[in-house]
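Engineer: Please find one structure pasted underneath; my questions will follow.
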Amino acid sequence: MIELVDLKRQYALIRTELHEAMERVMSSAGFILGEEVEKFEEEFACFCGVKHAVGVATGTDALLLSLKALGIGEGDEVITVPFTFVATALAIHHAGARPVFVDVDAETRNMDVAQIESAITPRTRAIMPVHLYGVPADMEPILKIAEKYGLAVIEDACQAHGALYRGKRCGGIGTLGCFSFYPSKNLGAYGDGGIVLTDDDELAGKIKMLRVYGAERRDYCIYRGYNSRLDALQASILRVKLRYLEEWNRKRREAVQRYNCLLRELPLKTPSEPNDTYCVYHLYVVETERREELREKLKQRDIATAVHYPCPIHSQKSFRDLGYHEGDFPVSERLSRTVLSLPMFPELTESEIEHICSIIRKTIQET
Ligand SMILES: *Cc1c(COP(=O)(O)O)cnc(C)c1O
């Protein structure tokens, strides 16, 4: 059996270190914020080359609190993509603002920067690009447009821990950068977690208050905030795993090279790395017109696959009231019908990749 993401293999490799870290937290009884969270925040900020990091409960909350800290809400619009995980748009909605979509680029599967300006209205306050699958979005033109129109840029870096765009870490390029530590992410906790990065002292301070009920100091609140903190036990686990992140990302990249090489010449589109970026391949996603057939054949051989994502956000029932229609975002719609995620995690072996690719090759060539 080959899983899409096998977290058990990774656990076996770092078990002792994790137990020591958790023991430290449990024996000190410091479960909420405190030293462990502060240390992880410092270490992650340093890793990303950013001044501040604020740990929160989830990636979705990282996006929500970022919007709130910018004062974005009722009557405002935020430009993002329909081809992403639904949480990107949910955060905008729950802040009280309206998600406005622009289609993605067929090659990078990230925000098509040529379409941004025509989506800007007097209500637009921010642009929220997503570094989908660990491939950096084209940030330079996004920052240029943001500057021209006085907009904030909030990076959804929930799939891009450690990725680089022109030498800078994803999540450390815009006004704010948001990460999820959901277990299967490139840097994943053993439960939920998230973090916001920013160089702005004032925004960092505000998010620190928003995560503890809006309190400036205990029992004195200046905002109507939330309870959204990164758990100290999770922070202790993340501190251990952060030390391995670069090595694990390198292994993901090696797996991608192997896949790409074994699948070339098949009528199936494999991912490519945009110029001057370092992709960290949260997922390995190919495009094929024969997706369901391939999924079935792989399933019969005990190989897990998935589809990220089968329904673009503008087509979700939950966002029907935004008023979009089928045909509004043709690239996103086509991708939602053709993308296929194959197993991808750092411990995936060469022979497993060979096995997966030989089944794909046979399926495609036999019929
Ligand atoms: C995982 C993810 C999120 C949400 O993170 P949670 O921690 O699950 O709330 C948001 N955006 C993208 C692109 C993601 O992959």
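Engineer: Mind checking which residues of region 154-192 are within 10 Å of the ligand (Cβ to nearest atom), small (Gly, Ala, Ser) and not in a loop (DSSP other than H, G, I, E, B)?
Structural biologist: Ser180
Engineer: Then there's this: Do we have Arg211 as touching a strand residue (DSSP E or B) at 6+ places or on another chain (Cβ under 7 Å), open to solvent by 30 Å² or more (accessible area, probe 1.4 Å) and within 16 Å of the ligand (Cβ to nearest atom) here?
Structural biologist: no
Engineer: Now for a different question. Return the total of residues in region 16-36 being surrounded by 23 or more Cβ atoms within 10 Å (Cβ to Cβ) and either more than 22 Å from Leu245 (Cβ to Cβ) or within 16 Å of the ligand (Cβ to nearest atom) (or both).
Structural biologist: Adding up the residues that qualify gives 0.
Engineer: Sticking with this structure for a sec: What is the one condition in (1) in contact with a strand residue (DSSP E or B) (Cβ under 6 Å, 6 or more places away or on another chain); (2) within 30 Å of His93 (Cβ to Cβ); (3) free of Cβ contacts under 8 Å to residues at least 40 places away in the same chain that Lys317 does not satisfy?
Structural biologist: Condition not satisfied by Lys317: (1).
Engineer: Could you say whether any residue in region 340-356 is open to solvent by less than 80 Å² (accessible area, probe 1.4 Å), under 28 Å from Ala87 (Cα atoms) and part of a helix (DSSP H, G or I)?
Structural biologist: no
Engineer: Of all residues being open to solvent by 10 Å² or more (accessible area, probe 1.4 Å) and of a type in the set (A, V, I, L, M) in region 145-154, which is nearest to Leu65 (Cα to Cα)? Just the residue, please.
Structural biologist: Among those that are open to solvent by 10 Å² or more (accessible area, probe 1.4 Å) and of a type in the set (A, V, I, L, M), it is Ala152.
Engineer: Further, regarding this structure: Of the residues Ile142, Ile195, Ile120, Ile116, only one is within 12 Å of the ligand (Cβ to nearest atom) and either open to solvent by less than 30 Å² (accessible area, probe 1.4 Å) or at pLDDT 95 or above (or both); which?
Structural biologist: Just one listed residue meets the conditions, Ile195.
Engineer: Cβ contacts < 6 Å: first residue aromatic (Phe, Trp, Tyr), restricted to region 16-40; second residue at pLDDT 95 or above, any location; separation 6+ or different chain. Result?
Structural biologist: Correct list of pairs: Phe31/Ala232; Phe40/Ala235; Phe40/Leu238; Phe40/Arg239.
Engineer: Can you pull out every residue in region 88-101 that is surrounded by fewer than 23 Cβ atoms within 10 Å (Cβ to Cβ) and either within 12 Å of the ligand (Cβ to nearest atom) or farther than 14 Å from Ile72 by Cβ (or both)?
Structural biologist: Answer for region 88-101, where residues must be surrounded by fewer than 23 Cβ atoms within 10 Å (Cβ to Cβ) and either within 12 Å of the ligand (Cβ to nearest atom) or farther than 14 Å from Ile72 by Cβ (or both): Leu90, His94.
Engineer: Pick out, from region 1-120, the helices (runs of 4 or more DSSP H) lying fully within it that include 2 or more residues that are among the aromatic types (Phe, Trp, Tyr).
Structural biologist: Qualifying helices (runs of 4 or more DSSP H): 34-48.
The values are calculated or read from the model by the stated rules, or taken from the named source; none is laboratory data. Since we're looking at a predicted model, the values are computed, not measured. Cβ: placed from backbone, ideal geometry, glycine included. Neighbour counts: every protein chain shown. Heavy atoms of the whole protein, side chains included, go into the accessibility calculation; ligands, DNA and RNA do not. Shrake-Rupley method; radii C 1.70, N 1.55, O 1.52, S 1.80 Å.
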